[in-house]
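Take a look at the structure below.
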Amino acid sequence: MNHITTARKGQTNLIKENYDGLDYFRMIAAFLIVAIHTSPLTSINTTADFVFTRIIARVAVPFFFMVTGFFIISGFLKDNSFRNPDKYSVKPDTAPLTKFLKKTADLYGIAMLIYIPVNLYSGYFKQNNMFLKLLKDILFNGTMYHLWYLPAVITGVLFVYLLLKINKGTVFLLISIILYLAGLLGDSYYGLTESIPILKNCYDFLFQLFDYTRNGIFYAPVFLVMGAFIARSVKPLSLRKCIAGFIASSVLLFIEGLLLHAHNMQRHDSMYLFLIPSMYFLFQLLLHFKGNYYRSFRTFSMIIYIIHPFAIILVRGLAKVLGLEDFLIYNSLIHYLAVCLLSLVFGYFYVYAIRHIKQGKPDIKGRAWIEINLNHLRHNVKEFQSILPKNCTLMAVVKANAYGHGDIRISKELNKIGVTSFAVATLSEGVQLRKNGVKGEILIFGYTHPQDFKLLVKYRLIQTVVDLEYAQILNRYGSKIKVHIKIDTGMHRLGENYNNISNLEAIFNLKNLVILGAYTHLSVSDSLTKENTAFTKAQIEHFYKTIQNLNDFGYNPGRLHIQSSYGVLNYPELSCDYARIGIALYGVLSSAYDKTRVSIDLKPVLSVKARIVMTKTIEKGDAVSYGRTFTASEERKIATVTIGYADGIPRNLEDGYILVNGYPAPIIGRICMDQLMIDITDIPGVEPDEIVTVIGINETNQIKAEEIAMNSGTITNELLTRLGNRLKRIYIN
Ligand SMILES: *Cc1c(COP(=O)(O)O)cnc(C)c1O
């Protein structure tokens, strides 16, 4: 437990760091894009405008590509970065990529919708070959002149991701450079292409597919790749090199741009040779910049980009209405500033509106919360499926809010990976799953009140028959009700006695019961002592004998099941139709030291996190918390943590500890309702607001639910199902 020395906070995840330079430049880049579409300097000097909008402003889009590469693509490169010294061979996580793609696609969809009125007004939908044109525009060109960027970044990211699957090193870089060079020939260097007939034919063919080569295949990859390589570079580039490199390459960029312009070489002017080194040095330079953290810039710049064509229309319209055309339109600089201002206002309202909506909704991670790792859930399901006999279906037990994991979300995730059998304890749990769209069969283990029988039918739930008397009440309801028959073989909780064949027969003779299955529950399947094994075997035998008898009488008891988690792990040879898996599905066993006959690789799904409120130093003799049960024997540094027994941390937990920065910090004094105190004397650099781990893994250390359960005299089942309502759940894919 003491071997953690390198773990330092903030270094494990690239995304968590602040990159102020990048955030500030997002705003500049957004205004440069507005400039490209408004040509602010035309009324002053057209060459100046060319330099500003067709050369300088051309850094904007590559910058955004590089940001994407930096944060999203970098995750797929081998990590030997100075930014991330601890993690060099982690398996790449595709979650940020999918999240990014989904977010961008959503944004693109919304942006297209917003501009439909403009499209309608401009007669866009009346063009010839509309369907083909629309398809090409959605895939490459954008349905509005500025929207091409969104499909370009989506195709670019997908394309680079595929390239990366082939090669992670130089080939990968080389291909994206070659594509960029090919793109140049269709863009700024088209003059060259035109002079070579075969080449011209090739490009003319390409231009039937898309209007420009500045797209996700020719333009985006090199910048995405560059951003990713910078994120993973071994050392930062020194400030002097950044500045020198940037100045030198941008001078060359100016010369290149002006020459191409003067010789009329450009079909379009997005791509230049010297844009690549200029961007490289600019981006490195921005990484040096540290300012005030201002995250709204991300939203602001996005809104400015999406909305500025709308602002252009509005400014023009307004100018006409007010008769201010000379001022607001023909003075290009004023026009530009007006469009910028209006876009900013839109951005401001959006950010303000979002804040307003979010107000009153406290941050889930503000105090203490539960993290649910859905990857681990899927992993555990696969592990179980690998040991269950072929014809045995995994019935996921999601009672008690899926053992504290959130029953709706857990069941829906299980649905996604093909699990369609569920069990709950109560009617309302079943109804809740159905109302939220959980598919498959849902068995209720417990008692349902006759008043609620109609809901059994309405929500297609399967009721457990607990004995003959209850079966008769169910039958009296009048409509067909689906049931499983519970047979008591020794647990003596629910079920008709196994040896009361006449009662069982009577149940089978009830007309309104649709009997789909029969089951029993083992009471000591977790124990491998001789005595308990014998008892379990007897239970199993009783069950099968009863089933045999029923069969002999001509009754069909349907699908059979006996095992819960321990039943499967200790009696895997049983071949049932279902296995009712609860606790182990969530990656934990009931008790820390349970040995099972088969062991599978289970991964805990749930963790609990909280925060440090404050730290303080106490003197020798000072006591901590109610009852003054802890007294410091010397000067100690302590911290107060935002979680207590009302959140489900057992008050009687003994020898408890919390993970702070990866180090175990003992809980001292009594656990309070909403807080607890820990000793952090030996842990360096603990600060208020820091996130600590109450259950789960933190850097290299782990606090298992089993440990906490054991040290508070209970089992994980109780610990997890009693986690408090105040803890909200965050799901991690
Ligand atoms: C809760 C329950 C289960 C699941 O038990 P685990 O030990 O959590 O796997 C199975 N069957 C019945 C009848 C139950 O009540």
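The values are calculated or read from the model by the stated rules, or taken from the named source; none is laboratory data. The structure presented is a predicted model; accordingly, all values stated were derived computationally and were not measured. All Cβ positions, glycine included, derive from the backbone under ideal geometry; neighbour counts span all protein chains shown. Each accessible area value is taken on the protein alone, full model and side chains, heavy atoms only, with ligands, DNA and RNA left out. Shrake-Rupley method; radii C 1.70, N 1.55, O 1.52, S 1.80 Å.
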Exercise. At what distance in nm do the modelled label points of Ile473 and Lys290 sit from each other, each positioned 7 Å from its Cα along Cα→Cβ?
Worked result: 6.9 nm
Problem set entry | Computed over the chain, Kirkwood Rh from alpha-carbon pairs, angstrom | 30.8 Å
Problem set entry | Residue-normalised accessible area of the chain, given per residue in Å² at a 1.4 Å probe | 48 Å²
Exercise. Under unit Cβ charges (Lys, Arg +1; Asp, Glu -1), what dipole magnitude, rounded to 20 debye, does the range 374-586 have relative to its Cα centre?
Worked result: 920 debye
For this session: Go from 0 up to the bin containing the longest alpha carbon distance in the range 606-703, width 10 Å each, and give me the % of pairs per bin.
Result: 17, 54, 27, 2
Exercise. Label points 7 Å out from Cα along the Cβ direction at Tyr145 and Phe254: separation in nm?
Worked result: 2.7 nm
For this session: Kindly write out, for the range 611-617 in residue order, the coupling ³J(HN,Hα) from the Karplus curve 6.51 cos²θ - 1.76 cosθ + 1.60 (θ = phi - 60°), rounded to whole Hz, with x marking Gly and Pro.
Result: 10, 8, 7, 7, 10, 7, 9
Exercise. Which of the chymotrypsin sites (Phe, Trp or Tyr not before Pro) across the range 470-577 are loop residues per DSSP, with 13 or fewer other Cβ within 10 Å?
Worked result: Phe553
For this session: Please identify which residues in the range 397-425 have an amide N closer than 11 Å to a label point set 7 Å out from the Cα of Lys439, following the Cα→Cβ vector.
Result: 415-420
For this session: Give me the distance between the Cα centres of the range 595-619 and the range 506-544, rounded to whole Å.
Result: 36 Å
Exercise. Zone of Asn711 (label point 7 Å along Cα→Cβ, backbone N under 17 Å): which residues in the range 632-654?
Worked result: 639-645, 648-654
Exercise. Of all trypsin sites (Lys or Arg not before Pro) in the range 529-626, which ones are in loop regions per DSSP and have a Cβ with at most 14 other Cβ atoms within 10 Å?
Worked result: Lys595, Arg597, Lys620
For this session: Check every DSSP H run in the chain and write down those whose alpha carbon atoms cover 27 angstrom or more along the long axis and whose mean Kyte-Doolittle hydropathy is -0.5 or greater.
Result: 20-38, 95-114, 239-262, 296-322, 332-358
Exercise. Mind listing which chymotrypsin sites (Phe, Trp or Tyr not before Pro) in the range 130-201 are in a DSSP loop and have 13 or fewer other Cβ atoms within 10 Å?
Worked result: Tyr145
For this session: Normalising by the residue count of the range 12-356, find the relative contact order in percent from Cα pairs under 8 Å and 6+ residues apart.
Result: 29 percent
Problem set entry | Spin-label pair Leu341/Ile28, simplified geometry with 7 Å Cα→Cβ offset, distance in nm | 2.4 nm
For this session: Using Cα pairs closer than 8 Å and at least 6 residues apart in sequence, work out the relative contact order for the chain, in percent.
Result: 12 percent
Seminar exercise, completed: Using alpha-carbon positions, the gyration tensor of the range 12-356 gives root eigenvalues a ≥ b ≥ c; with a/c under 1.5 called rounded, otherwise prolate if a/b exceeds b/c, else oblate, the class is rounded
Problem set entry | Cα-only Debye scattering, the range 408-550: base-10 log of I(q)/I(0) at q = 0.16, 0.19, 0.22 Å⁻¹ | -0.89, -1.10, -1.25
Seminar exercise, completed: A chain fully extended from His263 to Ser633 at 0.36 nm per residue, minus the present Cα-Cα distance, gains in nm 124.8 nm
Exercise. What's the FRET efficiency of Glu325 with Ile730 using the Cβ-Cβ distance as r and R₀ = 51 Å, to the nearest 0.05?
Worked result: 0.45
Seminar exercise, completed: FRET efficiency for Lys545 and Asn375 from the Cβ-Cβ distance with R0 = 41 Å, rounded to 0.05, comes out at 0.45
Exercise. Given the Cα-Cα distance of Glu687 and Tyr348 and 0.36 nm per residue of separation, how much length would full extension add, in nm?
Worked result: 118.7 nm
Exercise. Based solely on its DSSP helices, what 222 nm [θ] is calculated for the chain when runs of n ≥ 4 H residues each add -39,500 (n - 2.57) and the sum is averaged over all residues, nearest 500 deg cm²/dmol?
Worked result: -14000 deg cm²/dmol
Exercise. With all protein chains present, how much of the accessible area of the range 374-586 (probe radius 1.4 Å) comes from carbon and sulfur, to the nearest whole percent?
Worked result: 49 percent
For this session: Calculate, in nm to one decimal, what Val514 and Ala646 gain on full extension: separation in residues at 0.36 nm each, minus their alpha carbon distance.
Result: 43.2 nm
For this session: Distance between Cα centroids, the range 221-247 to the range 133-179: provide it in whole Å.
Result: 21 Å
Exercise. So what does log10 I(q)/I(0) come out to for the range 689-729 at q = 0.14, 0.23, 0.29, 0.33 Å⁻¹, using the Debye formula with one equal point on every Cα and no solvent?
Worked result: -0.37, -0.88, -1.06, -1.10
Exercise. How big is the charge dipole of the chain about its Cα centre, in debye rounded to the nearest 20, if each Lys and Arg gets +1 on its Cβ and each Asp and Glu gets -1 on its Cβ?
Worked result: 960 debye
Exercise. R0 = 35 Å: FRET efficiency of Ile138 with Ser238, Cβ-based, nearest 0.05?
Worked result: 0.20
